[in-house]
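Read-outs throughout are calculated quantities, based only on the coordinates presented, and are distinct from any laboratory measurement. This structure is a prediction, so every number in the text was calculated from the model and none was measured. In this analysis, Cβ positions are derived from the backbone assuming ideal geometry, glycine residues included, and neighbour counts consider all displayed protein chains.
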Amino acid sequence: MNTFSINIFFSFCLAASLFITSCRAPQEGVQAGAALPESYRNAPLSSVDTIDTAGIAYLPRTDYFSDSTLLALLDTAIARNNDLQLAVKNIEVANQLLAQAKLAYLPSVALVAVGSTTRPSNNSLNGLSLNQFLGNRHIEDYNAAVSFSWELDIWGKIRNQKAAALASYLQTEEAKKAIETQLVTNVAYAYYNLLALRAQLAIAQRSLTLNDTTLNLIKLQYEVGEATLLALEQAEAQRLSAATLIPLYEQEINIQENALSILMGRVPEAVSSGAHLADIAIPDHISAGIPSVLLSRRPDVRSAELGVRIADAYVRQARASMYPSLTITAQGGVNSFTASNWFTMPASLFGSVAGGLTQPIFQNRRLKTAYEVSRIEREKSVIQFRQSMLVAVGEVADALIKIEKLKARSILTAEKVVRLRNAVNNANVLYTNGAANYLEVITAQNNMLQSELELADVKRLHLGALADLYRAVGGGWQ
């Protein structure tokens, strides 16, 4: 190709490029926003809530959780939890893919070195020509060249590949945040459950001691004929009921310690804590903020939003595949039919350059199908994003109503425990003085036991609801 022809060719490519760029494929608009309420259902009405739009979502876990043992467990879990470490590895993989996508704009370059020998038939035209002109029965060829290929990103195929890779990378980061905030909640759940089980074990042990005292008193009365065998058997059965709770709670404590150890990436072992369930303070007021905060704080909502971006990039990429592609290729190196003068300069030098404009016409509808499927997938991602918002808002509302009603239950149960403790004391005094029977004593003791166990369980649920609210509003990963 002479210089004039090359100039003509590149002028044509430049004009085609400018024309095609001016007709670039339209961008797909995204309207993925879900209608959000101004406040959460069940949110407490106070002047603080109207001002604090961020709420607890922006609090670091060291400020939200006050127990030092729990904070130490959280630090260990975040450093050693295996699910979280897998999420970090997923981020590393996505980072490598993103680095590759960033280099997609650069041309492909390859080094080729080929040596070949061909022995044609003696009766063929090539064989006769070789024998006549070269005096050989075979021909050799040695080639060493650098090849270059570059597709101009006219329609944005490469740009959208990069956009999809970037959004995928960000998705892996959000996935890590989601695992971390769920891990914080799970560790808090397990820790509060462990404290509750230990408190219930202590209640069962105190109840057993109280039952022993009552049983000994009835035994003495039975021996002197002041109590019946029925009273003695009823007292013994009440004592056994309290005693059977002790191995049950000891079993549950060990299982909970094992589960907590696994969350922290350790083999099952005992978990020590100087705190008691009664030591954990419950705040008087918790602000959940406003629903729009979820868009920036909830990792799963952010991941769903990034899913819409990825789907958009795939739609534009599929559309761009239906338009012409402009490719420039070049090759240069040395070539010779004898090895002895392969690298003789400049006689062995060669070079070529070519450009092509390819417009797909009929591909068995593959391109059209890919485009339509990508559009459907984008619509699905929008639905998933809206659903994630609804779920997030619902989870916050659920946590708020749990906190409110558990607070009410806690107040009522605590009052019931106080009254039943007084009832047990009064029953013991009356029984000693002969003004009450053994059934009244046993009933009072059993009611007090059940109420104290219930009070410990209500506080566990209350603390768990607070931890769940922290996760629901998007806290715990910062």
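The magnitude of the dipole of segment 121-278, with charges of +1 and -1 set on the Cβ of Lys/Arg and Asp/Glu and taken from the Cα centre, is near 580 debye.
Two numbers describe the Cα atoms of segment 304-343: Rg and Dmax, which are 22.5, 64 Å.
Applying a DSSP loop filter and a limit of 12 other Cβ atoms within 10 Å to the trypsin sites (Lys or Arg not before Pro) in segment 344-410 leaves ARG365. Within straight-line reach of LYS407, meaning a Cα separation under 23 Å, sit the following lysines at least 8 residues removed in sequence or on another chain: LYS416, LYS459. Sequentially through segment 370-375, phi angles give Karplus couplings (6.51, -1.76, 1.60; θ = phi - 60°) of 4, 5, 5, 5, 5, 5 Hz, Gly and Pro residues having no value and appearing as x. Taking the centroid of alpha carbons for each part, segment 377-448 and segment 235-283 are 19 Å apart. Take the alpha-carbon centre of segment 352-370, take the same for segment 91-117, and report the distance between them in whole Å. Taking the Cα centre of segment 91-117 as reference, the centre of segment 352-370 is 22 Å away. Ordering SER348, ILE328, TYR371 by Cα displacement along the dipole of segment 313-378 toward the positive end leaves TYR371 in first place; charges were set at the Cβ atoms of Lys, Arg (+1) and Asp, Glu (-1). Computing Rg and the Kirkwood Rh from the Cα coordinates of segment 55-169 gives a ratio, Rg/Rh, of 1.47. The charge dipole of segment 187-309, taken about its Cα centre with unit charges on the Cβ of Lys, Arg, Asp and Glu (plus for the first two, minus for the last two), comes to roughly 720 debye.
In the chain, the DSSP-assigned H stretches of four residues or longer account for a calculated mean residue ellipticity at 222 nm of -22500 deg cm²/dmol, using -39500 (n - 2.57) per stretch and the full residue count as denominator. This structure gives percent of Cα pairs over 30 Å apart, computed directly, and of (i) 68; (ii) 60; (iii) 42 that value is listed as (i). Alpha-carbon geometry of segment 292-376: the Rg and the Dmax are 24.5, 76 Å, given in that order. Phi-derived couplings, Karplus 6.51 cos²θ - 1.76 cosθ + 1.60 at θ = phi - 60°, listed residue by residue for segment 102-118: 5, 8, 5, 6, 6, x, 8, 10, 9, 9, 10, 10, 9, x, 9, 9, 10 Hz, with x used for Gly and Pro.
Between the exposed loop cleavage positions of the chain, defined as GluC sites (Glu not before Pro) in a non-H, G, I, E, B DSSP state with at most 11 neighbouring beta-carbon atoms within 10 angstrom, the longest gap is 270-478. Inter-part distance, segment 324-350 to segment 293-316, computed on C-alpha centroids, equals 49 Å. Given +1 at the Cβ of Lys and Arg, -1 at the Cβ of Asp and Glu and no other charges, the dipole of the chain around its Cα centre is 2120 debye to the nearest 20. Simple rule: put +1 on each Lys or Arg Cβ and -1 on each Asp or Glu Cβ in the chain, find the dipole, and look at ASN186, ALA318, ILE56; the Cα lying farthest toward the positive end is ALA318. For segment 374-478, what class follows from the C-alpha gyration tensor (a ≥ b ≥ c being the square roots of its eigenvalues): rounded when a/c is under 1.5, otherwise prolate if a/b is larger than b/c, else oblate? Here segment 374-478 falls in the prolate category. When only Cα pairs below 8 angstrom with a gap of at least 6 residues are kept, the chain shows a relative contact order of 26 percent.
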